[in-house]
Amino acid sequence: MRDFPDQPIRPFGYFVHHQGRGHAERCAAVVNALPMERPVRIFCARDDIFPQLRKNVTVQKLPSLFEPQGDEPEGAALLPTPDTTHCAPVGWSGIRMAMSSMVSFFAAEAPELMIVDVSAEVAQLARLCSVPHVKILQHGDRSDPGHQAAYDGSAGLLAPFHADLAQKDWHTWNDRTHFAPGLGVNVSMPTTQDARKKLKLSKRPMALIVCGGGGNGISEAALGVAARSYPEMDWITIGEVQRDWHATLPPNLCHRGWVDNAPDYIAAADLVISSTGNTTCAQVLTAAKPWIVVPEWRYFDEQVEKAGALGRAGAALHLPHMPGSSHAWRLAIDQAYQQHDPARQRALAGSADAASLTADWLLTLADRLWDRSDKSTFIKEVHHA
């Protein structure tokens, strides 16, 4: 535990995007690993998506930065968007209220760090208000001026995955990037036998399709083709499936919808097919299953780049889209089994200490920024002794 003698402990701020589930889970892991004495103020458009948070952490609900409230003028909405921003419509009272809440926090409490997961606009706001920010680094084509300004202006970049999954165009920021594979994810998985028993599965092989929480899900018709191609295998989906009126569904395809025990399904599977959300990736890597990744649509081609990185790293078979025929499905599944490398997957998965290492990195960064480098070095040595 760090010591903070003779001075009040200034807070960290934390902005959390409310789409999907990974942002909130990652935030909870980080703030819960920080010392109890460190106050944290979380800003988010939803206050009901977070796991249990420790004491001295508060969640301040903001208006959404990209969902209108109904009083927005059409004329101002037609103003062109500058290259330095992504979502900055004009005339939105909700955005004004959200930004003013964070600026008031900057002015009143002088946070030592503002962690941004994710918004290029909020990151730039912190920099303009003279508050150092840590930006979450995500896959995708982030070469636009808005992202570049958020990254270039950061005090540090936090990448919640293994360094071997980094994109080549990130080398400029190597000296300020902390890679944290497994951050915010329960990386302990049940055994295959225990998981299958808990789910009451038969002895038949099982293919699992995991649909993410940030989009519309995977097409049901493609899964029907796959299940008909492998009648000896049970096919189970969890998450949101995109229903197709023309899909002909065999009895060995079962939709379970949203579940609270996704790790059990992943551990029980003989094959996993999924998009490339952060939580799903960490869990499948930990379970070390034969894996096919098919990116869903996301802004800036985030999942396209993540799937490509997983394929290049030897962790999964990357397909640009779901196979459209039985013979294409058989070819893909055969390839996924042949190239399966469980040791490589486990090496990329991360470990349970990702949150504590990230918290230590943030505290050390804050110490350096606020001229406490000598003390933080000593305390860090004692902490790891």
Practice task
For Lys198, list the aspartates and glutamates whose Cα falls under 12 Å from its own Cα; do not include residues on the same chain fewer than 8 positions away.
Solution key: Asp264
Handout entry: Cα gyration tensor shape for the stretch 1-76, rounded if a/c is under 1.5, else prolate or oblate
Key = prolate
Problem - Cross-link partners of Lys55 among aspartates and glutamates (Cα-Cα below 16 Å; sequence separation of 8 or more within a chain) - result: Glu37, Asp47
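So, R0 is 35 Å and r is the distance between the beta-carbons of Leu357 and Lys203; what FRET efficiency does that work out to, to 0.05? List each step's numbers first, then the result.
Numbers: r = 41 Å, r/R0 = 1.16.
Once rounded, the FRET efficiency stands at 0.30.
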Fill in the blank from the handout: Note on the stretch 33-178: contact order normalised by length, alpha-carbon pairs under 8 Å, 6 or more apart, percent, works out to 16 percent
Fill in the blank from the handout: Probe 1.4 Å, heavy atoms of protein chains only: per residue, the accessible area of the chain in Å² is 46 Å²
Exercise for the section: Pairs of Cα atoms under 8 Å, at least six residues apart: use those to get the relative contact order of the chain, whole percent. Expected result: 15 percent
Practice task
Hey, can you grab everything whose amide H is under 5 Å from the amide H of Arg21? Only 5+ residues off in sequence or another chain; H modelled, so Pro and N-termini drop out.
Solution key: Gly213
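Net charge around Val57, counting only other residues with Cβ within less than 11 Å of its Cβ (Lys, Arg = +1; Asp, Glu = -1)? Intermediate values should be presented prior to the final figure.
Details: positive: Arg38, Arg41, Arg54, Lys55; negative: none.
Combined, the nearby Lys, Arg, Asp and Glu give +4.
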Practice task
With an 8 Å cut-off on Cα pairs and a minimum separation of 6 or more residues, tell me the relative contact order of the stretch 246-385 in percent.
Solution key: 19 percent
Exercise for the section: Give, in nm to one decimal, the length gained when the segment between Cys254 and Asp141 is fully stretched (0.36 nm per residue of separation minus the Cα-Cα distance). Expected result: 37.1 nm
Problem - Residue-by-residue Karplus 3J(HN,Hα) for the stretch 232-248, coefficients 6.51, -1.76, 1.60, Hz, glycine and proline x - result: 7, 10, 7, 10, 10, 10, 10, x, 8, 9, 7, 6, 10, 5, 8, 6, 9
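Between beta-carbons, use under 11 Å as the cut-off and find the net charge around Trp92, counting Lys and Arg +1, Asp and Glu -1. List each step's numbers first, then the result.
Working: positive: Arg96; negative: Glu67, Asp71, Glu72.
Value of the local net charge: -2.
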Problem - Efficiency of FRET between Leu79 and Tyr337 - r from beta-carbon atoms, R0 51 angstrom, step 0.05 - result: 0.45
Exercise for the section: Compute the length gained on full extension between Ser93 and Asp244: take 0.36 nm times their separation in residues and subtract their Cα-Cα distance, giving the result in nm to one decimal. Expected result: 50.5 nm
Handout entry: Ordering of 118-127, 27-36 by packing [mean C-beta count within 10 Å, highest first]
Key = 118-127, 27-36
Exercise for the section: Classify the stretch 178-242 as rounded, prolate or oblate from the Cα gyration tensor: take a ≥ b ≥ c as the square roots of its eigenvalues, call it rounded if a/c is under 1.5, otherwise prolate when a/b beats b/c and oblate if not. Expected result: oblate
Exercise for the section: Could you give the spread of the C-alpha atoms of the chain along their three principal axes, from largest to smallest, in whole angstroms? Expected result: 68, 62, 36
Handout entry: Accessible-area order (highest first, 1.4 angstrom probe) of the listed residues Phe43, Phe300
Key = Phe300, Phe43
Problem - Residue among Leu128, Thr192, Gln345 farthest towards the positive dipole end of the chain, charges placed on Cβ - result: Thr192
Completion exercise
Rounded to the nearest 500, the 222 nm mean residue ellipticity computed for the chain from DSSP H runs (n ≥ 4, each -39500 (n - 2.57)) alone is -11000 deg cm²/dmol
Problem - Nearest-10 value in Å² for the accessible area of Tyr299, using the 1.4 Å probe - result: 150 Å²
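Which of rounded, prolate, oblate describes the stretch 62-173, given a ≥ b ≥ c as roots of the alpha-carbon gyration tensor eigenvalues and a/c under 1.5 marking rounded, otherwise prolate only if a/b is larger than b/c? Mind dumping the intermediate values first?
Numbers: a/c = 2.31, a/b = 1.41, b/c = 1.64.
Note, shape of the stretch 62-173 comes out oblate.
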Completion exercise
Expected vector for the stretch 30-42, Karplus 3J(HN,Hα) from phi with 6.51, -1.76, 1.60 and θ = phi - 60°, integer Hz, x for Gly and Pro, equals 5, 5, 6, 8, 6, x, 4, 6, 8, x, 9, 10, 9
Practice task
Take His178, His133 and sort them by solvent-accessible surface of the protein heavy atoms, 1.4 Å probe, largest at the top.
Solution key: His178, His133
Practice task
Post the alpha-carbon centroid distance, the stretch 236-294 to the stretch 48-86, in whole angstrom.
Solution key: 31 Å
Exercise for the section: Specify the angular offset, from 0 to 90 degrees and rounded to the nearest 10, of the alpha carbon long axis of helix 302-312 from the longest principal axis of the alpha carbons in the chain. Expected result: 60 degrees
Problem - Dipole in debye (nearest 20) - the chain, about Cα centre, beta carbon charges: Lys, Arg +1; Asp, Glu -1 - result: 1040 debye
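The values are calculated or read from the model by the stated rules, or taken from the named source; none is laboratory data. Bear in mind that the values here come from a model prediction, so they are computed numbers and not experimental data. Neighbour counts run over all protein chains shown; Cβ positions are idealised from the backbone, glycine included. Each accessible area value is taken on the protein alone, full model and side chains, heavy atoms only, with ligands, DNA and RNA left out. Shrake-Rupley method; radii C 1.70, N 1.55, O 1.52, S 1.80 Å.
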